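Asker: Before anything else, here's the structure in question.
The values are calculated or read from the model by the stated rules, or taken from the named source; none is laboratory data. Note that this is a predicted model, so its numbers are computed, not measured. Cβ: placed from backbone, ideal geometry, glycine included. Neighbour counts: every protein chain shown. Just so you know, the surface numbers come from the protein's heavy atoms only, side chains and all, with ligands and any DNA or RNA stripped out. Shrake-Rupley method; radii C 1.70, N 1.55, O 1.52, S 1.80 Å.
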Amino acid sequence: MRGSRSKHCLDSTRREIASCFSTGLAGVATLSILSSSVPLQAGAAAAAGKKAGTTEYVAQIQAGYKELKAMYGDEWASTKAKGGDEVRRRLGIVGVKSPLFRIDKAMKAVQEALLDGELGEEVGDPLEFVDASQRVLDGIKNADFLAYSNNFSSYGNGGGGTDFMEESRQALTPALEAYEEMLSILRLSK
């Protein structure tokens, strides 16, 4: 009886879910459903919305790779000339215009989609994606730190002649390699 009542609470309208509170079968997830102005819809609408979000995140990941590769390659001299804040801007740390802005959120959403099998059978190992995405984020973090350090080294604050901008670029080398692994796991072109 309890199992069928529990299933009823999960497949019900908001009004019917409210009655489940008295039996102690509704959880925290139900609270968010009750506070929503959208009626509870099982299945298709929620899945379609999640898939559309995942598609946008995959597109952001692709655009982020193109931005990182362009900055690292042909555009490095002009980016470097503009200083550490320009590197940080292009890495998505300063401002919101870079496709790398909130790339961690995009990677997390795609990780979840991979683990849930939402991206199909032809993609690579989800755990390899998790590892590669962490290496990308670590590389971006390291490049950001070095670019930020460059902002202060020219004022005699302990830079000791270190070219933090070049070190920032070098920190992106493993990030780009890991990014290419990520795209390969997703079966996306580079």
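Asker: Going by accessible area, probe 1.4 Å, with all protein chains left in place, what is the ranking of 129, 145, 164, 101, largest first?
Answerer: Working: 129 0, 145 130, 164 35, 101 75 Å².
Greatest to least solvent exposure: 145, 101, 164, 129.
Asker: Quick one: Karplus J couplings for the range 170-175, per residue in order, coefficients 6.51, -1.76, 1.60, θ = phi - 60°, nearest Hz, x for Gly and Pro?
Answerer: Using θ = phi - 60°, the values come out as 5, 5, 7, 4, x, 5 Hz.
Asker: What number comes out for the charge environment of residue 81, summing +1 per Lys or Arg and -1 per Asp or Glu over other residues with Cβ under 15 Å away? Let's see the in-between values first.
Answerer: Numbers: positive: 80, 82, 88, 89, 90, 169; negative: 74, 75, 85, 86, 163, 166.
Result for the local shell: 0.
Asker: Calculate what fraction, in whole %, of the accessible area of the range 55-190 sits on carbon and sulfur atoms when a 1.4 Å probe is rolled over the protein chains. Walk me through the intermediate numbers first.
Answerer: Details: 3590 of 7260 Å².
Answer for the range 55-190: carbon and sulfur cover 49 percent of the accessible area.
Asker: Okay, next question. Under a 1.4 angstrom probe, counting protein chains only, how are 90, 187, 169 ranked by accessible area, largest first? Please report the intermediate quantities before stating the final value.
Answerer: Values: 90 30, 187 140, 169 60 Å².
Order by accessible area, largest first: 187, 169, 90.
Asker: Using each residue's phi in the range 103-111, evaluate 6.51 cos²θ - 1.76 cosθ + 1.60 at θ = phi - 60° and report the 3J(HN,Hα) Karplus result to the nearest Hz, with x for Gly and Pro.
Answerer: Those phi angles translate into 5, 4, 5, 5, 5, 4, 5, 5, 4 Hz.
Asker: A follow-up question, please. Using a 1.4 angstrom probe, figure out how much accessible area the range 99-190 has per residue, in square angstrom, rounded to the nearest whole.
Answerer: Numbers: 4900 Å² over 92 residues.
Ligands and nucleic acids excluded, the figure is 53 Å² per residue.
Asker: Pairs to check: 80/108; 66/105; 80/141; 108/141. Give those whose C-alpha atoms are more than 22 Å from each other in this structure. Walk me through the intermediate numbers first.
Answerer: Numbers: 80/108 30 Å; 66/105 18 Å; 80/141 17 Å; 108/141 16 Å.
Over 22 Å apart, Cα to Cα: 80/108.
Asker: Next question, about the same structure. Give me the accessible area of residue 93, 1.4 Å probe, in Å² rounded to the nearest 10.
Answerer: Surface accessible to solvent at residue 93 totals approximately 70 Å².
Asker: Once ligands and nucleic acids are excluded and a 1.4 Å probe is used, how much of residue 69 is accessible, expressed in Å² to the nearest 10?
Answerer: Result for residue 69: roughly 100 Å² accessible.
Asker: In whole Hz, with x marking every Gly and Pro, tabulate ³J(HN,Hα) for the range 139-150 from phi via Karplus 6.51 cos²θ - 1.76 cosθ + 1.60, θ = phi - 60°.
Answerer: With the stated coefficients, the range 139-150 comes to x, 5, 4, 5, 5, 4, 4, 5, 5, 5, 4, 4 Hz.
Asker: Taking a 1.4 Å probe, which of 128, 56 shows the most accessible area, and what order do the others take after it? Working shown, then result.
Answerer: Numbers: 128 105, 56 125 Å².
Listed by decreasing accessible area, they come as 56, 128.
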